[in-house]
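First up is the structure itself, then whatever we jot down about it.
The values are calculated or read from the model by the stated rules, or taken from the named source; none is laboratory data. Remember, it's a predicted structure, so these values are computed and weren't measured experimentally. Counting neighbours? That spans all protein chains shown, and the Cβs are built from the backbone with ideal geometry, glycine included. With ligands, DNA and RNA removed, areas are computed over all heavy atoms of the protein, side chains included. Shrake-Rupley method; radii C 1.70, N 1.55, O 1.52, S 1.80 Å.
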Amino acid sequence: MTDTTNIGLVLEGGGMRGVFTCGVLDYFMDNDITFPYAIGVSAGACNGLSYMSKQRGRAKYSNIDLLAKYKYIGFKHYIKKRNIMDFDLLFHEFPDNIIPYDYETYFASPARFEMVTSNCLTGKAEYYEEKSNKERVIDIVKASSSLPILCPITYVDDIPMLDGGICDSVPVVRAMEQGYSKNVVVLTRNKGYRKEGKDIKVPSFIYRKYPAMREALSNRNSLYNAQLELVDKLEEEGQIFVIRPKEPILVDRIEKDVDKLTSLYEQGYEWADFYIRIAMADMMERLKITQDQFDAMAATLGNTSPMFFVSLAYDADGKDIYQLHPVEEYQVDPSLPLPSPMTAVQSMLTSVAVQYKLTMNDNSEAFYVTVVKASEYDGGGDEVGLSSLSDDEQNQYMVNNADFGYLREETYTKGGLSPSTDYVMLLAPMNGNGREGFGGPPAAHRFTTTAQ
């Protein structure tokens, strides 16, 4: 088990290049990869909504199949409605009738979803969440997708807005400011891409009433390139996990070629699978541990006090029963199943010291174990420091903290843990199908000890 509470998902826009993101998100849904927080810009906001409502294939269908049927992009629409896209079809007929959006699932989801717009009055990015008003959801996503010049200004709460990509194309900083220090970032440009040429001052007759927006548009290239520089830096530091096209893509922002779009969607799905398999292979390397290595690690972790596993069970009345098991009752089990894609993503973004599988000597139970540094595990359930307490104190502490909470400073203090030097061992029982049980049922097992 690894902590997932601080991992977010960042979705870049890019117009019709966003079908790459459609492929990535469908892969995520096929493999149960979810996040507690996501943020999308422009096409990323549109496609992200279908991901948040768990409507697998909906974004692909609306971006490719329905484009072929309705041809909703083109200058005929601009001549007719001063809009390069048929917004009435896209944001009203599609979600209401043709390919209904599941607002109920979206509104009920505990996961957060922010959509980025650009405020014409301030020239700054705005970040919106909406989980109750259908009309306001549409206003926000429409504003986030309103390309400058090619689409009319859209209003959110009576404020004029344009495409979110003008002011914040890759909102990874926003995600971090919201408390998600680790992020999966989906880009629609290949690594190394930068906008060419210098910024060009937008003439005063364009958006005459909105000088701040003209300024933002004038600085668009340099801002986007700076954001890509930050993405590369954070990726190198291991703060983000980036999924992007491998090669430059030949799809325009307002692309209408269905074959090109289908190919890009398939590339998104395939590259998501590729990146996740790399993460899984990396994780499997770190999963390897022999009995001798475990014994050595146990000696290191337990050199100041005996090692115990704390197990949680229930009596006949449904009350919690906590038991302490000496480490000698367990042995390393060499049979390690492949980690799930979700676990692999989490592993890439957290500092997991080692992971392995244990079984009871009598083969009655099997658990997965993750060892992380206490300072790098900042939440996630029923973890508690016990190493400096006597057996009676440990049992009493467990009784007094049945719901536990997060591994905060007071838990370090009560349990005798030092966040800078100690380790936390997290145990989760195997589930019924024999795969890893990270984040398992209420009877999950936990253990902590002090390392010198």
Exercise. Return the subset of LYS124/LYS209; LYS54/LYS134; LYS195/LYS246; LYS54/LYS131; LYS54/LYS233; LYS80/LYS131 for which the Cα-Cα distance in this structure is over 24 Å, preserving the input order.
Key: LYS54/LYS233; LYS80/LYS131
Self-check item: Accessible area of ASP102 in the full protein assembly, 1.4 Å probe (Å², nearest 10)
Solution: 50 Å²
Quiz prompt | FRET efficiency estimate (nearest 0.05) - Cβ-Cβ, MET29 to LYS246, R0 22 angstrom | solution = 0.50
Quiz prompt | Inter-label distance for ILE159 and LYS124, nm, one decimal - labels placed 7 Å from Cα along Cα-to-Cβ | solution = 0.9 nm
Quiz item: Quick one: Debye curve from the C-alpha atoms of the range 217-286, no solvent, what's log10 I(q)/I(0) at q = 0.14, 0.25 Å⁻¹?
Solution: -0.65, -1.12
Quiz item: Could you give the distance between the Cα centres of the range 214-250 and the range 104-161, to the whole Å?
Solution: 22 Å
Quiz item: Ordered by residue, what ³J(HN,Hα) values in Hz, to whole numbers, does the range 128-140 give under the Karplus form 6.51 cos²θ - 1.76 cosθ + 1.60, where θ = phi - 60° and Gly and Pro are x?
Solution: 10, 10, 8, 10, 8, 10, 4, 4, 6, 4, 5, 4, 5
Quiz item: In the range 110-218, which trypsin sites (Lys or Arg not before Pro) are in a loop and have at most 16 other Cβ atoms within 10 Å, using DSSP for the loop call?
Solution: LYS124, LYS131, LYS191, ARG194, LYS195, LYS198, LYS201, ARG208, LYS209
